[in-house]
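The values are calculated or read from the model by the stated rules, or taken from the named source; none is laboratory data. Treat the numbers as computed from the prediction; the structure is a model and nothing was measured. Virtual Cβ from ideal backbone geometry, glycine too; neighbours counted across all protein chains shown.
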């Protein structure tokens, strides 16, 4: 066992620092406002998925955990590729929501898949529940933003 589940959170958070240093150049002036309840659900889920791993141990004890690690690596790779695309193609807001490899909302889906798999590696049912909350809110909010970018391009 490796006593640092927080590494899982750090790896997911690192590319988000790019957003602070390299913000989008073309955020629409008026974005759709998600339902307040869903924003709260997303926020609780986000805090949970980033905080809970710091209290867990990485434990790869069998095949299920190995499969979860592979899924985590793939999801994190897709997430990092999305950030790379965003930087290389001019930091357009729409790039944060456009499909990649036929995956809709990849910048929202990839971290969610990553944290579901992490809940297996960390043997953390609380992380699983936090990821459910994040899924409900984050996919909804991201879909609204994608719709806003589509409306601007129409």
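Among the residues of region 27-37, not a single one is exposed (fewer than 13 other Cβ atoms within 10 Å of the Cβ), within 15 Å of the chain's Cα centre (by Cα) and assigned to a loop (DSSP other than H, G, I, E, B). State whether one or more residues within region 92-101 are in contact with a helix residue (DSSP H, G or I) (Cβ under 8 Å, 6 or more places away or on another chain), in contact (Cβ under 8 Å) with a residue 60 or more places away in the chain and outside any helix (DSSP H, G or I). Yes, some residue in region 92-101 is in contact with a helix residue (DSSP H, G or I) (Cβ under 8 Å, 6 or more places away or on another chain), in contact (Cβ under 8 Å) with a residue 60 or more places away in the chain and outside any helix (DSSP H, G or I). When 62, 90 are screened for being surrounded by fewer than 20 Cβ atoms within 10 Å (Cβ to Cβ), farther than 22 Å from residue 15 by Cβ and over 14 Å from the mean Cα position of the chain (by Cα), only 62 passes. Answer with yes or no whether residue 68 is more than 17 Å from residue 50 (Cβ to Cβ) and outside any loop (DSSP other than H, G, I, E, B). For residue 68, the condition - more than 17 Å from residue 50 (Cβ to Cβ) and outside any loop (DSSP other than H, G, I, E, B) - is met. Screening the candidates 15, 53 for the property of being at pLDDT below 95 and at negative phi yields one hit, 15.
With respect to residue 125, is the statement that it is at pLDDT 95 or above, within 20 Å of residue 4 (Cβ to Cβ) and either touching a strand residue (DSSP E or B) at 6+ places or on another chain (Cβ under 7 Å) or surrounded by fewer than 21 Cβ atoms within 10 Å (Cβ to Cβ) (or both) true? Considered against the rule, which asks whether it is at pLDDT 95 or above, within 20 Å of residue 4 (Cβ to Cβ) and either touching a strand residue (DSSP E or B) at 6+ places or on another chain (Cβ under 7 Å) or surrounded by fewer than 21 Cβ atoms within 10 Å (Cβ to Cβ) (or both), residue 125 comes out as yes.
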